[in-house]
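This report concerns only the one structure given below.
Just so it is clear, none of the values below were taken in a lab; they were calculated from the coordinates. Source: prediction; values computed, not measured. Backbone-built Cβ (ideal geometry, glycine too); neighbour counts: all protein chains shown.
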């Protein structure tokens, strides 16, 4: 049996030539390929900015009034090694809410349900208040919940329903100014709208 080598070689040469021509006419520019960085815990409908504190306290307001004062540090000892915000109470005032941390400029819709989750711990057992309130007069904060804090990292969930239509609402960690020297750690905050019916524990 005779093997026809010439046609096979000719076919291979043609394929190689076509490949070179295609590569020249359609060069692949590696620099033009864009790779999207996906950050865990940040869904498309995430309402908070810098909720993971990777940019320290950017987008967050540390409110210290009437003599209340706290020391704010951005550290990397959060749950599973993530960034977190550490708040040490230096001075307390006439009310524990004088020391609080919040993010403003949130769009809240009346009767719409929302879920806020976050990780928190303290150097002692206690509690804090979490609320969704107006960032302007009359400062309505009827949507709030007292939440337990322990010495171990725990993820807490604050479910609420919008009390009003407002373009400048805020979520607040408040009543932090209770005991001088107390330390809080807060990490991985998230706020998303939901179709779930809010329930308070």
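Annotations
- Extension gain, residue 165 back to residue 94 (0.36 nm per residue minus Cα-Cα distance, nm): 22.4 nm
- With neighbours defined as other Cβ atoms within 10 Å of a residue's Cβ, the residues 189, 56 order from fewest to most as 56, 189.
- Overall Cα dimensions of the range 61-194, principal axis frame, Å, largest first: 38, 36, 22
- The order of 124, 170, 86, going from fewest to most other C-beta atoms within 10 Å of their C-beta, is 124, 86, 170.
- Label positions at residue 117 and residue 72, each projected 7 Å from the Cα along the C-beta direction, are separated by 2.5 nm.
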